[in-house]
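Only the coordinates and a few stated rules stand behind these numbers; no lab work does. In this text the structure is predicted, and so the values were computed from the model without any measurement. No Cβ is skipped: glycine too gets one built from the backbone with ideal geometry, and neighbour counts run over all protein chains shown.
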Amino acid sequence: MTLHTDFKHLLASVAVVAMTATGAIAADKSLTVGLTSDAVHMDPQAGEELSSNIMYYHLYDPLVRRDAELQFGPGLAESWELTDDVTWVFTLRDGVTFHDGDTLKASDVVFTLDRLKGSLMANLAANIESFRAIDDSTVEIKTFRPYAALPNDLAAILILSEDHVKKVGDDLDRQPMGTGPYKLVEWVKEDRIALEAFDDYYMGEAEIETVTFRPITNPATRTAALLTGEVDIVQDLAVRDVDRVKRSEGYEIITRPSLLNLVLALDMRAKSPTIEGDNPMTDRRVREAMARAIDVDTISKIIMNGLSTPSAQYVPESHVGHVDGENFHEIYPFDVEKAKALMAEAGYADGFTMTLDATNNRYVNDAQIAQALASMLAKINIDLKLNLMPKSNFFGYIRVPSDQSSFIMSGWDVPSGDAGSMYGVMFYSRDKKDGYGQVNRGSYSNPEVDALIDKADSTPRVEERDAHLQEVTKILLKDIPMIPVHYEQDIYGASTAVDFTPRTDKFLWAYDMDIEG
Amino acid sequence: MLGYTIKRLLQMVFVLWIVSVIVFLMMSFTGDPVFMVIPIDSTQAEIDQARRILGLDRSLFEQYLVFMKGMLQGDFGRSYVYRQPAMDLILERLPATMEIVVVAMIFAALVAVPLGVYAGANPNRTTSRAIMSGSLLGISLPSFWVGMMLIFLLAVQWQIFPSSGRGETVDFLGLKLSILTLDGWYHIILPSLTLSLATMAIILRITRAGMMEVMRQDYMKFARAKGVSRRGVLYGHGLRNALIPVVTIFGLQLGDLIAFATITETIFAWPGLGKLLIDSIYRADRPVIVVYLMLVAFIFVVINFLVDMVYTWIDPRITVK
């Protein structure tokens, strides 16, 4: 009898242990992500590329948070207000703690901005003139001129802990510590980055307890790792593997248009480096003819396997400065006859010869797109020579004053959600104002555009800024200093157990994700 | 012997110096590293600031002098991209590469030498012919294809091995090693098998050729007549005399695999040196490339030195001068 009871007792306790064990497993959800490359940095002021950016937003937080749809809202700053046209006062959230238990203070924000100004990423704070802590939870930031997009800019600035950085110095890269939803557990270079949820995260602890990122460069291996269950979700699934993953049970494909707009910059100078004689592209009719000769739908269908979205304007719909209803490729639809007529009208029926500078390892199928452009423009007698090079050479080569280029293909993304940051550097007249026009590769210059950008950059009110920038967009669509081609598509492959919505900016964020236990 | 060692050392210093000059010059044509590390729309002032931080505001010659001066003091420069000492970046990844290379070389030797001896001793048997055809496949199949097939069959279809990664590591004398864990071995088999195939085939063919040559010698018949077992004759007398070219090729292959396991590493997402080299070339990260290539040159010189030493042990008639 005693034995029997003891045995029952034992069974019961085993059952309890088993239950708590499974309970614990269910609570400790874990996720493994296959990235295209390892992070380079964990110090957000040391550099930027996608994998590092993804890590930054797990480890740190910005004052202003940018959500998956590029909407901006409170982050570490609970609220902010404009006290005059150039002065912003940010109130920090109460009781935000760093991973080491320290409380976030205004001095940390000041320290972060100070360090940023002297770093390689100083560009992020280009519009900020000065900053100071008013008290422990209030920060004042002054901009050089009224600047409505400051909160958008701040979404890219991640707040560091002053004490921690002073302690570890540049080793922050290997010992990152912030207020973010995850803490770094282990970083084995090129093999894995292991993160663990931060219990005291101010928005509440993350659903997924441990997240492991594995850099798998080779696309086929990434697919294999997904199909063997070694990873739960992969970035940039290879186009050729899409069908295969779709056919496998328990997996799904998730796509969304990226922010990266592939654009063609046309030289507007009277003499162009690779064109003999006068530059025909100074004539608007020639530019329109070129726009009409380029068939973006064919590029999307044939070269991109349908995995691209022709771009209607220079910035996506979600952005400040986008004009609803306007579409470049509807204004100038593909029409070779019309294009030929325009060329003849401009006096260039026999066409001309010039060179296209493009990358061959930066954008999806960039070299093939360049070849397609050459054959399309040949139809209107433009003899396009291709000058393709790796990205490490390209960005120095095309750099303003771009004195070797007439026609440049490059990508541009505006994660700040504000067209102004693109228009100011790309379409403002060169050398007129510091911080403007430094990537105006075609040397486009329109006083009207300059004036509107000036106006947009001198109002602290977003609605006014939006109105001015929309005017700029309309002028640009008419002037054609640049031909927008398409947005690449981001493709993810994931196990159906993962609950995942891709972000517009491509920054995978485990805090927003969940996985079935 | 001492004189020989010193002579080799001086040669090595010279080789390393030449490598550093060539790489430094070549890398100045591969693009401006500044644009790889800062946002494209940076202003001139920000670019200048970045150049100053990276030490790129000086002339190439000055940069070289700074590099040489640092190197003589044991400082190999800092990566532009990682902002960490280039040597640290390399040493951090070296154990992983050494692991697959050593395992691959052991695979290769264990399979190739016995098969080569067999095929050389019995050149007319069908099995020998089959072995030789197999070795041709090993040489001609590209490693990326073999790697992908192994992943496809053994990882995705049959799920025997993992497709990628290095598995669990343990700290051993400050190095992170995976060959000391079961999980590590589980991960290392496919990549090292892929890496070993070509070497295996080459060593097999060299062993066979050497053996066929040796088999014709009179001392082989004498040894057999004297009553030495067939196995003893083959390995004790035959292989030993056929071994010089095998060791030479083995040494060269070893260096080659360490330096250029890149493709295999990329396919299996193996966290070794090859990936670092490719990334650094893409990012025009000169300090890392210079140190990497100098290290590779160093490894080659050392291996060749060791091979010379092994010669004297295999064949006592050889002396080094």
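The stretch B:8-50 and the stretch A:389-460 have Cα centres spaced 28 Å apart. Listed from fewest to most Cβ neighbours within 10 Å, the set B:Trp270, A:Trp80, A:Trp88 follows the order A:Trp80, A:Trp88, B:Trp270. A simple rule links phi to the HN-Hα coupling: the Karplus curve 6.51 cos²θ - 1.76 cosθ + 1.60 with θ = phi - 60°, which for the stretch A:427-438 gives 10, 6, 3, 5, 6, 9, 9, 5, x, 10, x, 6 Hz, with x for Gly and Pro.
Our summary gives the stretch A:30-77 a relative contact order of 23 percent, counting only alpha carbon pairs under 8 angstrom and 6 or more residues apart.
Residues whose amide H lies under 5 Å from that of A:Asp499, counting only those 5 or more places away or on a different chain, are A:Asp514, A:Ile515, A:Glu516; hydrogens are built 1.01 Å from N in the peptide plane. Taking Cβ atoms as reference points and 14 Å as the exclusive limit, the residues near B:Ile179 contribute a net charge of -2, counting Lys and Arg as +1 and Asp and Glu as -1.
Charging the Cβ of each Asp and Glu at -1 and of each Lys and Arg at +1, and nothing else, the dipole of the protein assembly as shown about its Cα centre rounds to 5580 debye.
Computed over chain A, the convex hull of the alpha-carbon atoms projects to a mean area of 28.4 nm². Largest first and in whole Å, the equivalent-ellipsoid semi-axes of the stretch B:89-314 read 35, 21, 16, each the square root of five times a Cα gyration tensor eigenvalue. Highest mean first, the peptides B:45-57, A:247-259, A:416-428 sorted by other C-beta atoms within 10 Å per residue fall in the order A:416-428, B:45-57, A:247-259.
Considering the stretch B:2-72 at the alpha-carbon level, its Rg and Dmax are found to be 17.1, 59 Å. Look at where the Cα atoms of the stretch A:288-343 and of the stretch A:201-234 average out, and the two centres are 36 Å apart.
Take every Cα pair under 8 Å whose residues are at least 6 apart in sequence, average their separation, divide by the length of the stretch A:71-191, and the relative contact order is 27 percent. Measuring r between the beta carbons of A:Lys432 and A:Glu81 and using R0 = 25 Å, the FRET efficiency lands at 0.15.
Take the Cα of B:Leu180, step 7 Å toward its Cβ, do the same at A:Lys379, and the gap between the two points is 6.6 nm.
Within the same chain, aspartates and glutamates fewer than 8 places from B:Lys226 are excluded, and of the rest, those with a Cα less than 20 Å from its Cα are B:Asp218. Using a cut-off of 20 Å between Cα atoms, the listed pairs A:Lys301/A:Lys385; A:Lys246/B:Lys275; A:Lys506/B:Lys275; B:Lys176/B:Lys275; A:Lys271/A:Lys433 include A:Lys301/A:Lys385; A:Lys246/B:Lys275; A:Lys506/B:Lys275; A:Lys271/A:Lys433 as exceeding that distance. Computed from backbone phi with θ = phi - 60° and the Karplus coefficients 6.51, -1.76 and 1.60, the 3J(HN,Hα) list for the stretch B:78-90 is 10, 5, 5, 7, 7, 6, 10, x, 4, 5, 4, 4, 6 Hz; x is used for glycine and proline. Ordering B:Leu56, B:Tyr219, B:Ala112 by Cα displacement along the dipole of the protein assembly as shown toward the positive end leaves B:Tyr219 in first place; charges were set at the Cβ atoms of Lys, Arg (+1) and Asp, Glu (-1).
Treating r as the C-beta distance of B:Leu25 and B:Ile244 and R0 as 45 Å, the FRET efficiency rounds to 0.75. Across the stretch B:89-314, the relative contact order, built from alpha-carbon pairs under 8 Å that are at least six residues apart, equals 29 percent. Full extension of the chain between B:Leu9 and B:Asn124 gives 36.7 nm of extra length, using 0.36 nm per residue less the Cα-Cα distance. Cross-link partners for A:Lys105 among the lysines, with Cα-Cα distance under 21 Å and sequence neighbours closer than 8 places in the same chain left out: A:Lys117, A:Lys142, A:Lys166, A:Lys167, A:Lys183. The phi-based Karplus calculation (6.51 cos²θ - 1.76 cosθ + 1.60; θ = phi - 60°) puts the 3J(HN,Hα) values of the stretch B:200-212 at 4, 5, 5, 5, 4, 5, 5, 4, 4, 4, x, 5, 4 Hz, whole numbers, x for Gly and Pro.
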